[in-house]
1. Taking interchain pairs and intrachain pairs at least six residues apart, which have beta carbon atoms under 6 angstrom, with the first residue in segment 176-194 and over 14 Å from Asp135 (Cα atoms) and the second part of a loop (DSSP other than H, G, I, E, B) and open to solvent by 50 Å² or more (accessible area, probe 1.4 Å)?
2. Just one of (1) touching a residue at least 24 places away in the same chain (Cβ under 8 Å); (2) farther than 22 Å from Val73 by Cα trips up Ala169, so point out which.
3. Could you give every pair whose Cβ atoms fall below 8 Å, whose first residue belongs to segment 65-87 and is within 24 Å of Phe188 (Cα to Cα), and whose second residue is among the basic types (Lys, Arg) and part of a strand (DSSP E or B), counting only separations of at least 6 or pairs across chains?
4. How do the pairs read when you match residues in segment 106-131 that are under 19 Å from Arg89 (Cβ atoms) with residues anywhere that are of a type in the set (Val, Ile, Thr) and not in a loop (DSSP other than H, G, I, E, B), using Cβ under 6 Å and keeping only pairs 6 or more apart or on different chains?
5. Please specify each residue of segment 186-197 satisfying the condition of being open to solvent by less than 10 Å² (accessible area, probe 1.4 Å) and either under 13 Å from Ala246 (Cα atoms) or in a loop (DSSP other than H, G, I, E, B) (or both).
6. What tally of residues in segment 75-94 results from selecting those that are aliphatic (A, V, I, L, M), farther than 29 Å from Thr165 by Cα and touching a strand residue (DSSP E or B) at 6+ places or on another chain (Cβ under 9 Å)?
7. Considering only residues that are open to solvent by 10 Å² or more (accessible area, probe 1.4 Å) and over 13 Å from Ala255 (Cβ atoms), which ones fall in segment 217-235?
8. Anything in segment 254-295 that is surrounded by fewer than 22 Cβ atoms within 10 Å (Cβ to Cβ), within 12 Å of Trp222 (Cα to Cα), in contact with a strand residue (DSSP E or B) (Cβ under 7 Å, 6 or more places away or on another chain) and of a type outside the set (D, E, K, R)? List them, or say none.
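The values are calculated or read from the model by the stated rules, or taken from the named source; none is laboratory data. Quick caveat, the model's predicted, so the values are computed rather than measured. Positions of Cβ are generated from backbone atoms using ideal geometry, with glycine treated the same way; all protein chains shown enter the neighbour counts. With ligands, DNA and RNA removed, areas are computed over all heavy atoms of the protein, side chains included. Shrake-Rupley method; radii C 1.70, N 1.55, O 1.52, S 1.80 Å.
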Amino acid sequence: MPRYANLDGSNVTTSVGDFLKWQAERFRRIGAREARFEAPRCDNDGVRLRDAKAHLTWIGHSSFVLRIGGALVATDPIWSERIGGAVRRLAAPGVALDCVPPIDLVTISHSHYDHLDLPTLRRIGPHALFVVPKDNGDILRRGGLERVVELGWWESHVEGDVRITLVPAQHWSFRYPWDRNMRLWGGFVIEGPEGTAYHAGDTAFSEMMFREIGARFPKIDWAMIPIGAYAPTWFMSPQHIGPEDAGRAWELLGARTFVAMHWGTFKLTDEPLGEPPERIRAWWRSRAHDPERLWTFDVGETRSLSDTRRPIG
């Protein structure tokens with residue numbers, strides 16, 4: 001019996017039959033070739049990551065490196081060439097891991113292989129502190145990583161000047177055939193003297209959930225929200241959010257800046273690789289939002305956070 005459910009009490013109920021139906025649809029479309037797409041990227045040798053001032057760098061997929069409160073934080077880090085040895089990486093990491101300064105804190109949103117990549121975590125090394133949802137710590141410990149903190153939803157851990165809180169996500173967990181929804185999933189709110197960041201992990205849309213996170217954390221400066229892995233909608237919408245709903249989530253959160261993620265790195269679902277940023281930009285224009293508050297990074301891009309936090313008062 002599943003140990004965990006979403007905030008609204010639901011579980012993702014897609015079945016093996018649903019998966020096979022999706023794969024059959026894919027097989028029928030095999031003749032339709034997608035135009036070649038390469039995610040835009042900029043050269044980054046890691047030097048800017050040594051800056052003591054707050055900054056954010058997109059490594060690709062859901063992986064960012066964030067300098068906040070003097071600590072270097074990595075989110076859902078995956079530097080591997082393949083997910084679980086299978087799905088090939090299409091955009092090289094934005095900064096080579098060997099060029100990244102020592103990482104102090106790592107947040108891992110859930111147990112899926114594209115978010116909990118044990119080969120990468122081993123390369124980051126045992127000096128880092130790994131913050132994970134409940135019942136995920138054993139995966140890391142079996143991999144030789146002992147500095148692990150496990151949190152339930154709304155629980156926090158303070159490390160130096162950084163406070164990390166696990167918040168709900170509308171998703172599910174699966175690592176092995178026998179552990180479906182036996183390990184908690186979530187997103188993270190990361191607070192430091194320079195401001196507040198939110199990393200959604202993997203999530204579907206839930207108005208109740210995003211309202212609740214925004215109510216508990218009313219001053220989010222930078223919201224990292226997925227925009228890819230949404231097609232076909234009938235199969236993906238219970239577990240992944242699309243660009244327009246990601247925009248609605250940002251509005252419900254009341255965040256200052258939208259930071260797009262979870263696109264352009266791995267071909268996981270059926271939408272064209274380059275479509276998600278086009279759709280979020282179109283939605284943004286349709287809502288007449290300030291274009292400077294939408295960040296769609298190039299792979300490897302670093303942006304300063306010093307001038308983009310929410311004004312005090």
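1. Cβ pairs passing all conditions: Gly192/Asp161; Pro193/Asp161.
2. (2)
3. Short answer, once both residue conditions are applied: Val73/Arg67; Ser80/Arg89; Ile83/Arg89.
4. As it stands, the answer is Ile108/Val132; Tyr113/Ile83; Asp114/Ile83, since those pairs meet every condition given.
5. Passing the criteria: only Gly186.
6. So the count comes out to 4.
7. Let us first name the residues in segment 217-235 that are open to solvent by 10 Å² or more (accessible area, probe 1.4 Å), namely 217-219, 230-235.
Matches in segment 217-235: Tyr230, Ala231, Pro232, Thr233, Trp234, Phe235.
8. Within segment 254-295, Leu294, Trp295 qualify.
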